[in-house]
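Bear in mind that the values in this text are calculations on the coordinates, not laboratory data. Model, not experiment: these values are computed from the prediction. All Cβ positions, glycine included, derive from the backbone under ideal geometry; neighbour counts span all protein chains shown.
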Amino acid sequence: MRHAIAVIPARGGSRRIPGKNIKSFFGKPILAYSIQKAQDSGLFDAVVVSTDSSAIAAVAHGYGALVYFRPEDFCADEVGTQSVASQYLRQLITRPSYACVIYATAPLMRIADLRAGRDLLLQREYEFVFGVQASPLQDAGQFYWNSVPALLDGKPLVGDRTGLIPIPSGHVCDINTMDDWREAERLFLQMEIEK
């Protein structure tokens, strides 16, 4: 496979769950799960955390990720992950062929799903591939793979060259509120029991 990197956007200013990206989740910062799954997958030449927070940067460094301090213009609530990843990639001298944006709060993410996303992107020559909860069909809030040229061209995430990776509902919880956090804890414990 050609060069690929993982970009994990992790802003410091979470409002509904203060400090969400480094809040302890079963004994370690929740961000650590995303970093470690990306590293353990063997799919990436680099795992990069894009942040505006020195506390998040310290956690990212502690778990072996590279850290990129993004410009202030890319730290507002309304700036999406595609813009954050694109901004990081634009400043690289040598760009990868592919990137995978991984959410900072995805402790239920499985390496098998990351691999399936990569494989689908390459097999079908899609521009984007992302994980979806199989039923009801909705964004799983875990990751999306992209061809770097498509990302830099500002192409939409959902289009006629987008692939979907169905993920069982027991492995999906998009964490935005404390109720979501508690549900993620419940599902995580269930995953551990089923191992």
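Summary of values
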| quantity | calculated |
| --- | --- |
| P(r) histogram, all alpha-carbon pairs of segment 29-93 included - 10 Å bins from 0, percent | 20, 50, 29, 1 |
| Residue-span extension gain [residue 183 to residue 73] - 0.36 nm each, minus C-alpha spacing | 36.3 nm |
| Amide N of segment 1-30 lying under 19 Å from the label point, which is placed 7 angstrom from the Cα of residue 191 along Cα→Cβ | 6-10, 20-30 |
| Structure-based [θ]222 nm, the chain - -39500 (n - 2.57) summed over DSSP H runs of at least 4, per residue, nearest 500 | -10500 deg cm²/dmol |
| Segment 1-100: chymotrypsin sites (Phe, Trp or Tyr not before Pro) falling in loop per DSSP and having at most 15 other Cβ within 10 Å | 26 |
| Diffusion constant of the chain at 4 °C, which comes from Stokes-Einstein with the Kirkwood Cα-pair radius and 1.567 mPa s, µm²/s | 77 µm²/s |
